[in-house]
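A quick write-up on the structure given underneath.
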Amino acid sequence: MHIELQGIRKSFGRTRALWDFDLSVPPASVIALVGENGAGKSTLLRMMAGICVPDGGYLTYDSVIFDREQMDLRKRLHFIPDMPLLFPDYTVARNISTFAALYGKDFAGREEEFSDALRETGCAPLMKRTAGQLSRGQMWKVGLACVAAIGPELLLADEPFASGMDEMGMGAFRRLALRLVGGGSTVIYTTQMVGMAVDFSDYVCVIRDGRKAMLADSASLREYLKREPQGAEHILRGHLPAL
Amino acid sequence: MKLHDPDTEKELIRIARRLAGPTGFQKPGFAFWIDLIWRALAFAPLIWLAAMAIAATYGNDSLIILSQAICAILLMALVRVGMGQVAMSFKTACFFGTLANLPITGRTALTLIRGIILRRFWLPAMLGSLPIAIYLHNPGDPGRFPEFLATLGLLAAIVWATLGIIQFPLVHRLRLVKIWHWVAYILIAYFVVMYLFGARLVTPSASREAMESLIDRIMWIFPPVWVFPGKIGNGGLIPAVSWIALGFWNWLRWPASAFPNYDRPYDILGAFGDAGKSRDEMIEPEESTPLEQTIILSDPPTRPPSNGWVERLIAASIPAADLATAGAFMPETKHTSRANQTMFFAAVWLLVLGFGKTPNPGEQYRDLVVFVTWAVPSFVFIIGLLSILNPLKDALRPCPVGNTPVPFFTTLPIPLRSLLRLTFRITIVRTVIAVAIATPFFCILAKIHQLPEVGAGIVAMIPAIGAAWIFSVPALISNRLDPHLRRRKGIFPLILATSLAQVPIGFLWIIGSIAGIGLSFTWGMGGTAGQYAFLLLPAAIACLVLGGIMSRLLFETLHLSLRQRRYDWKSKIR
């Protein structure tokens, strides 16, 4: 999926959440959106999921201007908020099958792949539990199992590394993201942890005061962080390196 | 008991007052008093209805016994309200950690909760007892004023004590609350039948007297009755005083007795009927094994519920493209059992009215009887058959995304149009069933009451109301979406236009309804009156159709605005 953002603007009252934001997302890659609290990362993800709309500028998927009511486009992407939304009264199994049905996906021919995902996320023992009883980390794991069932072309994840998941869950997220990317999908996630973003992404996009401050490949940023011990803070504060 | 130091609080307020500036503190508002007035008003019609019902059927001798029974039932309903408050306060403290998060002992926390419960309940207890005491005595008579005051105090105390005694595990095991409820339900059912048919159902006065004597004895099961006039001097005093003492003693030891449940909230809530599952089930749900993977893989895709004939009809009417959405958001409500129960009720109502003698309670109460005979089934049909609430309300459940709640369905690939289609189909099926049941029912009812012109009118009116209900669905959905949308700048004219569009829709419905009612009556009258039907029929149809078109236009405008990215999804309700 070719994702293009041009001159995106979004204000909430007098607060500018995003301002003249341009981004061309390289296909089949993992992109980390990095920024301080309130930089506009989550607003950008919500906009890409169609929940909020830009005041100005364009967001296009495969050169088509996106709005949430276009189901052919909407079914190609999936959004996991910082607290994954599940049907609280349904069991985990019912939740996953409901998500798959809503995205028009079935499990035929994907049993092995999906079993791996269940094993990796540790969701298998939770299958008969009601989603409303799960802890935050467990809900994230179920959210990841839903992603595995859906197999979206674009995965938008809000703060997966601050999700309350244990190391197994975060490992499952990484493997799932890489598997999606391997299949030609794009994964965009937000984080405030620069080191984590550099370690696990192909590109890092730094957002500062609602503007794109930098888009760099992880390899060069990794080099910078090795050279500069305070590099992560510098990046967040806007003292950007010349790469 | 207070956790804080009042002097510190005063000092804090003194400092804050200095800092608050010339405008001072914000005013607390009238919410508390408005709530209080609302509660008091809610009670008034109940008592009035009960009194009217008794007066309509019985002579003065029976009135005393039956009115007392109804007063007792009302007071026991007040106890039920109090039980809900106890459960809610306990839930707040235990579940949400309000008090558990403070460095205080569990017993101190429960003492605080008890204080909150009692403070919240004393006013409803007094307010509920006041009209009953007024009804039982005549405070306007100076000679009876002390009796009135004593009854008021005793009633409030006994209601309060009952709430305290219910907390006893023994009372819970004896199922005393259930016994009270069932006795109350049976008595109410008896009163309704008596009210409708009066002396004609139980003709021999001896049988009636025996029945009244039985009710008089049964009433002793309700504690408030012990302090009613005529009872307190006939053996009611000792049980009443003992009950009040026991209740207050139980309130005193409540923190200690409730403490073992402080970290086990499900146990105590079970006593109030709030817990569907046992604690063990909730805390240690059945663990599944990795084998469950195969269960999910072999699970069919989610389908709308199809456990009854109404559900099957609804499922059959839903287009294939919307089945998954219906499966996700159509709650497993008991459409079929509701429809069956309503049909059963209709049959019983007709049988009773058909085989019983025509109600003739006297001229002065005739209107009331006719009103009840028609209003009760209308109410039952509306509640049992029509989808008053949005059948897909879960789709609009606000869910937090970051700090911003959004309707659940917006995070999923579900188009708004799909929600409209589903709501539309569900409404159509349920309305058609409602019309199919209600039309013959009311026609038969009109026949029993020998009102042929009304019967003829019903044939036209009920389907018209059904059609109007179906046509209004798009406007209702647009209206329901309103709290979930945040308008962007520059669309004020559009908002104004759509808001104003609702006014003509309302007018069209009203004009159409008036024309429809007029049409139905002229149709029934026949003769010269029938000629007006030629004017009224097109008027009614035109209003109905125009209203439907405008309702749909309203939705389409909203949908187009969404497509043009004029709104953000943001629920106002968290």
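Just so you know, all these numbers are worked out from the coordinates, no wet-lab data involved. Bear in mind that the values here come from a model prediction, so they are computed numbers and not experimental data. Cβ coordinates were reconstructed from backbone atoms using ideal geometry, including for glycine residues, and neighbour counts include every protein chain displayed.
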Open item on the list: Taking each residue in B:396-405, count the Cβ atoms of any other chain within 10 Å of its Cβ, then average. What number comes out?
Closed with: 5
TODO: Would you order B:L350, B:L416 from fewest to most other beta-carbon atoms within 10 Å of each residue's own beta-carbon?
DONE: B:L350, B:L416
TODO: Using the number of other C-beta atoms within 10 angstrom as an exposure proxy, rank B:Y190, B:Y135, B:Y185, A:Y189 with the fewest first.
DONE: B:Y185, B:Y190, B:Y135, A:Y189
TODO: For segment B:68-85, take each phi angle, set θ = phi - 60°, evaluate the Karplus expression 6.51 cos²θ - 1.76 cosθ + 1.60, and give the result in whole Hz per residue in order, putting x for glycine and proline.
DONE: 5, 4, 5, 4, 5, 4, 5, 5, 5, 5, 5, 4, 4, 4, x, 4, x, 5
- [ ] List the residues whose amide H sits under 5 Å from the amide H of B:C399, counting only those 5 or more places along or on another chain, with H placed 1.01 Å from N in the peptide plane.
- [x] B:V406, B:F408
Task: Contact order normalised by residue count of chain A, Cα under 8 Å, 6+ apart, percent - done: 27 percent
- [ ] Please turn the phi angles of segment B:432-448 into ³J(HN,Hα) values with the Karplus equation 6.51 cos²θ - 1.76 cosθ + 1.60 (θ = phi - 60°), one per residue in order, whole Hz, x for glycine and proline.
- [x] 4, 5, 4, 5, 5, 8, 6, 4, x, 4, 5, 4, 5, 4, 5, 5, 4
- [ ] Show the residues, 5+ positions off or on another chain, whose built amide H is closer than 5 Å to the amide H of A:G35.
- [x] A:T191, A:I207
Task: Ranked list, fewest to most other Cβ atoms within 10 Å of each Cβ, for B:S571, B:S472, B:S242 - done: B:S242, B:S472, B:S571
Open item on the list: Can you give me the long-range amide H partners of A:F12? Hydrogens built in the peptide plane at 1.01 Å from N, cutoff under 5 Å, separation of 5 or more residues or another chain.
Closed with: A:A17
Task: Net charge of neighbours whose Cβ lies under 11 Å from the Cβ of B:L412, counting Lys and Arg as +1 and Asp and Glu as -1 - done: +3
Task: ³J(HN,Hα), Karplus 6.51/-1.76/1.60, whole Hz, each residue of segment A:43-49, x for Gly, Pro - done: 4, 4, 5, 4, 5, 5, 8
Open item on the list: Quick check on my link table: of A:K41/B:K572; A:K10/B:K572; A:K128/B:K570; A:K41/B:K570, which ones sit more than 26 Å apart, alpha carbon to alpha carbon?
Closed with: A:K128/B:K570
Open item on the list: Less than 12 Å Cβ to Cβ from A:V194, Lys/Arg counted +1 and Asp/Glu -1: what total charge do the surrounding residues give?
Closed with: -2
